[in-house]
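Novice: Just dropping this structure here.
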Amino acid sequence: MNAREVRRRGGRVLPWLLCTAVLGMGLAAGPPQAAAHAPRLSGYNQIYRPQVHFSARRHWMNDPNGLVYYDGWYQMFFQYNPYGRRWGNMSWGHARSRDLLHWQQLPVAIPESRRFMIFSGSAVVDWHDTSGFGVHGRPPLVAIYTAQPRAHRGPQTENLAYSTDGGRQWRKYPGNPVLNIGLRNFRDPKVLWYAPRHEWVMVVSRAAQRRISFYVSANLKTWRYTGNFGPAGDTRGVWECPDLFALPVANRPGETRWVLKVDVQQQGPDTGGGGQVFIGRFNGRTFRASSLHPQSLDLGEDYYASASWSDLPADGPPVITLGWMDNWLYAQRTPTAPWCGVMAFPRRLSLRWQNGAYHLLQRPIAALARLRAAPHRFGAFTAARGRTLLTVPARGRAHEIRARIRVARRGQFAFTIGSSDGRRVTLAYHGASGRFSVERTGRYRFSKAFDSRQSASLADTRGTVELDLIVDRSSVEAFVDHGELTVAERMFPRGGAYTVRVRAHRARFVQTTLWALHSIWRRP
Ligand code: FRU
């Protein structure tokens, strides 16, 4: 798409987008601002519209795509239907941010064509211009996506699009596809630069075979197969959206391990989020897991298709991920309008060696603290009869609650987030079993599968559990014990109002802090 087309689109259908984009340009030289008191953006105040999570202003959104950082901007693309509130006409929608909190939505970056929809994929900065797409010595951004034949006949193939203006305008590569093996379920390429061999690696899913394939390339245009991983772990559904990244092992100085994440599209309720994580070694060709018992990525029902940012600045966390906070079982029936689909809060990842195994930890990015209004600190309490920590009216603010709870051997505690009519999410810990559980009830009319229950063991609590909770109009996220376990779930409290209550037995809330969070939907 050329500049004229972009402008024409902006002028015709998306006038507000241009306006936010122009305002954003003004900020280009300055530091990121937590625009707490700036005027609100219009269109982001429906009762279920999350206030600290990204959602498209209108229309359907699923997987994050092409997450890449360049020239001070975090670029986010996403599976997007530019015409409606349900899945279809898949194209890459586009938003960008200076701080991973405040987002400006921009015109569609990679539109579908008459013959192909644009499915999920990734993007990189081609620093050495290996592709030759660069102009005037400026490195191009290159997106690698799956083309899905509209007629649903024929193979899924991998394709390139590139940008020479830092991510605003994108052109499809005329030599597409760059990888076609004639397979109908061959999708979601993640590309990374493997520095030791000075070459590109593509991780892509043979979805129906439950296999991840590895390819290498010198120029992003010709690819050579180097190996497969799988089937392994959870094979109950098709494998989608692989991701691969390296992380230092925090408590073993000098040691690095690779993480291969694979999403499994759920075939039934009560399964928890769709991601599984293998940790092991990668030599630029193939991946070897140190254990074939994968870690589940998230205990909740609504965490899917997560992806890591490429080319992050060296002075921040090495890996930041973003997931789609929804579930294919019911995502298209959730009761929101004129938008549908929301991203989870960005997470920073780390690795720890613990009880003879590597373990992935996920915490909210530190920038969350910049959204906090003044803290409210509770004195220590027991809550044997229950206690309401927070009452949020319809269209209220998002909140964060941090609590440290001392739990006796047979003690337990529970957080219940929801409306009085029974639509609620309950997060609980049971000292006797050492298990943390999440239960969602409410007999929602739009899906029987929305009522669900999962649980998992918490390792090594030593009698104290720490919980960081983000509640936001239609979502609950919990980060337990510094991210050892996470939970992401949607909820739709009737009328939009809800409370957060706690109840405990033989347990004591020793430190509890509550913050209202400033909305991200403000002018930068
Ligand atoms: C995962 C997924 C991907 C695919 C995309 C289509 O949620 O099914 O495998 O590329 O969504 O929108």
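The values are calculated or read from the model by the stated rules, or taken from the named source; none is laboratory data. Small disclaimer: the values here were computed from a predicted structure and weren't measured. As a convention, Cβ positions derive from the backbone with ideal geometry for all residues, glycine included, and neighbour counts pool all protein chains shown. Surface accessibility is based on the protein's heavy atoms, side chains included, excluding ligands, DNA and RNA. Shrake-Rupley method; radii C 1.70, N 1.55, O 1.52, S 1.80 Å.
Novice: Can you name every residue in segment 418-430 that is touching a residue at least 60 places away in the same chain (Cβ under 8 Å), open to solvent by less than 20 Å² (accessible area, probe 1.4 Å) and assigned to a loop (DSSP other than H, G, I, E, B)?
Specialist: Ser419
Novice: OK, next. Filter segment 504-514 down to the residues that are of a type in the set (A, V, I, L, M, F, W, C) and under 30 Å from Ile47 (Cβ atoms), then identify the one that is most open to solvent (accessible area, probe 1.4 Å).
Specialist: Top of the filtered list is Leu514.
Novice: Go over the candidates Arg501, Arg522 one by one and state the one that is open to solvent by 10 Å² or more (accessible area, probe 1.4 Å), outside the structural domain of Ala394 (by TED's automatic domain parsing), over 17 Å from Ile47 (Cβ atoms) and touching a residue at least 24 places away in the same chain (Cβ under 8 Å).
Specialist: Arg522
Novice: Further question on the same structure: Checking the structure you have, find out if any residue of segment 99-116 is part of a strand (DSSP E or B), within 16 Å of the ligand (Cβ to nearest atom), open to solvent by 10 Å² or more (accessible area, probe 1.4 Å) and farther than 30 Å from Leu41 by Cα.
Specialist: The answer is yes, given that some residue of segment 99-116 is part of a strand (DSSP E or B), within 16 Å of the ligand (Cβ to nearest atom), open to solvent by 10 Å² or more (accessible area, probe 1.4 Å) and farther than 30 Å from Leu41 by Cα.
Residues checked against (1) of a type in the set (D, E, K, R); (2) more than 16 Å from the ligand (Cβ to nearest atom); (3) over 16 Å from Arg281 (Cβ atoms):
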site	(1), (2), (3)
Phe214	no, yes, no
Asn219	no, yes, yes
Arg224	yes, yes, yes
Trp239	no, no, yes
Ala246	no, yes, no
Ala250	no, yes, yes
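Novice: Could you tell me whether Arg96 is open to solvent by 20 Å² or more (accessible area, probe 1.4 Å) and either modelled with pLDDT of 95 or more or in a loop (DSSP other than H, G, I, E, B) (or both)?
Specialist: For Arg96, the condition - open to solvent by 20 Å² or more (accessible area, probe 1.4 Å) and either modelled with pLDDT of 95 or more or in a loop (DSSP other than H, G, I, E, B) (or both) - is not met.
Novice: Evaluate the following for Thr130: is it within 24 Å of Tyr194 (Cα to Cα), at pLDDT 95 or above and not in a strand (DSSP E or B)?
Specialist: yes
Novice: Go through the residues of segment 70-80 one by one and say whether even a single one is modelled with pLDDT under 95 and either part of a strand (DSSP E or B) or among the aromatic types (Phe, Trp, Tyr) (or both).
Specialist: No; the residues of segment 70-80 include none that is modelled with pLDDT under 95 and either part of a strand (DSSP E or B) or among the aromatic types (Phe, Trp, Tyr) (or both).
Novice: Right, Arg197: free of Cβ contacts under 8 Å to residues at least 40 places away in the same chain, over 23 Å from Thr271 (Cβ atoms), charged (D, E, K, R) and open to solvent by 60 Å² or more (accessible area, probe 1.4 Å) or not?
Specialist: Criteria not met by Arg197.
Novice: Could we say that Asp311 is over 15 Å from the mean Cα position of the chain (by Cα) and at pLDDT below 95 here?
Specialist: no
Novice: Still on this model: Return a yes/no flag: does segment 242-256 have any residue that is closer than 21 Å to Pro155 by Cβ and modelled with pLDDT of 95 or more.
Specialist: yes
Novice: So which strands (runs of 3 or more DSSP E) are wholly in segment 257-351 and hold at least 3 residues that are within 16 Å of the ligand (Cβ to nearest atom) and within 25 Å of Ala456 (Cα to Cα)?
Specialist: Counting at least 3 such residues, we get 304-308, 320-324.
Novice: Taking the conditions exactly as written (part of a strand (DSSP E or B) and out of contact with any Phe, Trp or Tyr (no Cβ under 8 Å at 6 or more places or on another chain)), does Gln454 satisfy them or not?
Specialist: For Gln454, the condition - part of a strand (DSSP E or B) and out of contact with any Phe, Trp or Tyr (no Cβ under 8 Å at 6 or more places or on another chain) - is met.
Novice: Quick one: would you say Thr235 is of a type in the set (Val, Ile, Thr), open to solvent by 20 Å² or more (accessible area, probe 1.4 Å) and touching a strand residue (DSSP E or B) at 6+ places or on another chain (Cβ under 7 Å)?
Specialist: no
Novice: Let me ask something additional. Would you mind stating whether Val142 is without any contact (Cβ under 8 Å) to a residue 40 or more places away in the chain, more than 16 Å from the ligand (Cβ to nearest atom) and of a type in the set (A, V, I, L, M, F, W, C)?
Specialist: No: the conditions fail for Val142.
Novice: Name the residues in segment 47-64 that are more than 16 Å from the ligand (Cβ to nearest atom) and over 17 Å from Phe492 (Cβ atoms), would you?
Specialist: Val52, Phe54, Arg57, Arg58, listed by residue number.
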